Amino acid sequence: MRTGVRPYLLSLPTLVLPGLSHFVLGRRKKAAGFFLIVGSTFLAGLLMDGGVFTLRSSNWLYKLAGAGELGMGLPYLLCVLSGVNRIVPETVTSVMFGYGSTFLITAGLMNMLLMMDAFDISIGRKAEE
């Protein structure tokens, strides 16, 4: 599907809401599925006391985790600005911290893949389904 809009711009709505780029491209059912899958993964990570990592951390592994979570875009930014699940000793000692953090990072990485998929669709590299 080739459109008049630049492909890079068509991949950016996914940073606001998972699957939004696919919705803009006319793939409504896939967009809804992507929103549910990525959104529920992110929410599960938050509910399991997963840590919201930042790029300003002194630990390089935390920076790498922050880069993965950054792929969620606006939901990640809202968590960082509001202080939800920030890394403090109480969250790190939680039994579910590792699992929750893995869910958050995975959600960010899946969202990045959705952006790349929307780009491929917009330049015509991926056929209509």
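Every read-out reported here was derived from the displayed coordinates using simple, explicitly stated rules and does not represent laboratory data. Computed from a predicted model, the values in this text were never measured in an experiment. All Cβ positions, even for glycine, are placed from backbone atoms using ideal geometry, and neighbour counts span all protein chains on display.
Some notes on this structure:
- For the chain, with +1 on Lys and Arg beta carbons and -1 on Asp and Glu, the positive-most of 122, 84, 18 along the dipole: 122
- Under the criterion of Cα pairs below 8 Å and six or more residues apart, the relative contact order for the range 8-55 equals 25 percent.
- From the coordinates of this entry, mean projected area of the Cα convex hull in nm² is computed, and it appears in [x] 8.7; [y] 8.0; [z] 10.3 under the label [y].
- Debye, to nearest 20: dipole size of the range 7-123, +1 on Lys, Arg Cβ, -1 on Asp, Glu Cβ: 240 debye
- Amide hydrogen neighbours beyond the local backbone of residue 86, cut-off 5 Å, H modeled: 52
- Theoretical ellipticity at 222 nm over the chain - DSSP helices of four or more residues, -39500 (n - 2.57) apiece, nearest 500: -19500 deg cm²/dmol
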